[in-house]
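Take a look at the structure set out below.
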Amino acid sequence: MSFNLSVIPTRHILLAVTGGIAAYKSAILVRRLKDYGFDVRVVMTQGAQAFITPLTFQALSGYPVHTELLDPEAEAGMGHIELARWADLVLVAPATCDVLAKFSHGLADDLLSTLYLATKAPVWVSPAMNQQMWAAKATQRNLQQLVDDGVHVIMPDAGEQACGDVGLGRMPEPEDIARQVAAYFHAEHRKVAEQYGLLAGKKVVITAGPTREAVDPVRYISNHSTGKMGFALAAACYAAGADVHLISGPVSLETPNGVKRIRVSSARDMLEASMNRLHEGCDVFIATAAVADYRVATIAEHKIKKSGDELNLNLVKNPDIVATIAQQEKRPFMVGFAAETQNVEAYATGKLISKKLDMIACNDVSRADIGFGSDENAMIIFFAEQYGLDKRILEKAPKQHISQQLVEAIHEALSKNVAIS
Ligand code: C5P
């Protein structure tokens, strides 16, 4: 599963580091959180500074590190109340027994304990300590109090500890923590999107990637499609509240979180899977797949042996998936893609009509900087005449941003309430 947070407004994570040996892992945690697109500011307790310097966190987060409650200079920059309001989530990692005790009793004698009381944001703690200290009754009592107060506890891992003991108390790996934070925001966003998203209540089926047409048991005909555009669109549709079914040929991409993936190989498999989804009900069908136009007429039962200087394969035409779906009596809103190297607009609008699409997004694949395999794309969108919408030019941008704009265009066309036939 991969989380695409680029469709969600940037979230602020206030990472609080307290004094334990696991503090070194928090430096990596800043990196991993930033990888997900979070804006990260760091607060350190006195104890934490005995293990790692504020300068490390300043360099990694790109912000001055907050260490003192009553520091006029820091307060003039971003005061503690402002900092508490800035946070969308306060993540205390590692969290010592001491900070858990302070939080559970409402002490406010340093910056972090004050922030804890001053923030409305969810607070997560990742306790990391010696296994005996973790098991101590006072620690467990304080933790229970924090859970009752609504604090989320990231359970420590078991294993070998810095002190030589073996047991519960290790801070989980930064990758795991960052992933849990990303999953949390993703789920939060989804809850809102299911109600208010641009595609709330819609079922969207997307084809993506290449198809593979077998020649014999070990060989096939295919193309260079990576599936990136279709996967980015699937994530954007999900973030917009849709129920997303992604029918994908063989690609090496992670399934976007929340998206239902159906793995297929040949064009005929892809058509069958598409028809099945259509029968189950589908509001929007988006064809991003680079379907092989031809397949070999007869797949050899055994590996074809090397013989003469030439080998002729007899190819037959594959079904046109998007056109087949568009011909069905009860059909969804149809979106096609066109990759052209010349006369881009003329060919794209021609396909819009011949394949009976409602919308087509086309790009110029003769440009080396966009299209196949690239992380960026630039497109022109055309709508079928009955929508009365002008063409839309999407300037070169990461595929995530292009996807977001495609979702907006689909929403706009759908809201015209044109009868689809
Ligand atoms: O005709 P062309 O391949 O250029 O059309 C591209 C559009 O048609 C894309 O949306 C592609 O996913 C779809 N297509 C399809 N089945 C095919 C060929 C293309 O769904 N056999």
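Being surrounded by fewer than 23 Cβ atoms within 10 Å (Cβ to Cβ) and touching a helix residue (DSSP H, G or I) at 6+ places or on another chain (Cβ under 7 Å) is the filter; apply it to segment 246-258 and report the residue that is nearest to Gly281 (Cα to Cα).
Gly258
Looking at segment 111-125, I want the residues that are in contact (Cβ under 8 Å) with a residue 12 or more places away in the chain and have a partner that is among the aromatic types (Phe, Trp, Tyr) and buried (at least 20 other Cβ atoms within 10 Å of the Cβ) with Cβ atoms under 7 Å, at least 6 apart or on another chain. Which pairs are those?
Hits for this filter: Ser113/Phe103; Tyr116/Phe103; Val123/Tyr116.
What do you reckon, is Val205 touching a strand residue (DSSP E or B) at 6+ places or on another chain (Cβ under 7 Å), modelled with pLDDT of 95 or more and away from the ligand (no atom under 16 Å from the Cβ)?
Against the criterion (touching a strand residue (DSSP E or B) at 6+ places or on another chain (Cβ under 7 Å), modelled with pLDDT of 95 or more and away from the ligand (no atom under 16 Å from the Cβ)), Val205 does not qualify.
Find the strands (runs of 3 or more DSSP E) located wholly in segment 229-334 whose residues include 1 or more that are within 13 Å of the ligand (Cβ to nearest atom) and over 26 Å from Ser374 (Cβ atoms), and list them.
Here the list reads 294-296, 315-317.
Could you grab the pairs with beta carbons closer than 6 Å, sequence gap of 6+ or different chains, first residue in segment 46-57 and at negative phi, second one part of a loop (DSSP other than H, G, I, E, B) and hydrophobic (A, V, I, L, M, F, W, C)?
Listed by first residue and then by second, the contacts come to Pro54/Val65; Phe57/Val65.
Looking at (1) among the basic types (Lys, Arg); (2) more than 32 Å from the chain's Cα centre (by Cα); (3) surrounded by fewer than 17 Cβ atoms within 10 Å (Cβ to Cβ), find the lone condition where Lys102 falls short.
Every condition holds for Lys102 apart from (3).
Go through segment 283-318 and give me each residue that's within 36 Å of the chain's Cα centre (by Cα) and either crowded, with 16+ Cβ neighbours inside 10 Å or free of Cβ contacts under 8 Å to residues at least 24 places away in the same chain (or both).
Asp283, Val284, Phe285, Ile286, Ala287, Thr288, Ala289, Ala290, Val291, Ala292, Arg295, Asn318
So Asn363 passes all but one of these: (1) in a loop (DSSP other than H, G, I, E, B); (2) within 12 Å of the ligand (Cβ to nearest atom); (3) not hydroxyl-bearing (Ser, Thr, Tyr). Which condition number does it fail?
(1)
Of all residues in segment 372-411, which are farther than 19 Å from Ala235 by Cα and of a type in the set (Asp, Glu)?
Scanning segment 372-411 gives Glu385, Asp390, Glu395.
From the list Ala93, Ala87, exactly one residue is assigned by TED's automatic domain parsing to the domain that holds Ala48, under 33 Å from the mean Cα position of the chain (by Cα), over 11 Å from Ile13 (Cα atoms) and aliphatic (A, V, I, L, M). Which is it?
Matching residue, one of Ala93, Ala87: Ala93.
Kindly indicate whether any position in segment 37-59 is at pLDDT below 95 and surrounded by fewer than 21 Cβ atoms within 10 Å (Cβ to Cβ).
Looking through segment 37-59, at least one residue is at pLDDT below 95 and surrounded by fewer than 21 Cβ atoms within 10 Å (Cβ to Cβ).
Please count how many residues of segment 335-350 are more than 10 Å from the ligand (Cβ to nearest atom) and of a type in the set (Ser, Thr, Tyr).
2
Suppose the filter is modelled with pLDDT of 95 or more, within 9 Å of the ligand (Cβ to nearest atom), in a helix (DSSP H, G or I) and not acidic (Asp, Glu); does Ile353 pass it?
no
The values are calculated or read from the model by the stated rules, or taken from the named source; none is laboratory data. Since we're looking at a predicted model, the values are computed, not measured. For neighbour counting, all protein chains shown are included, and Cβ atoms are generated from backbone atoms with ideal geometry for every residue, glycine included.
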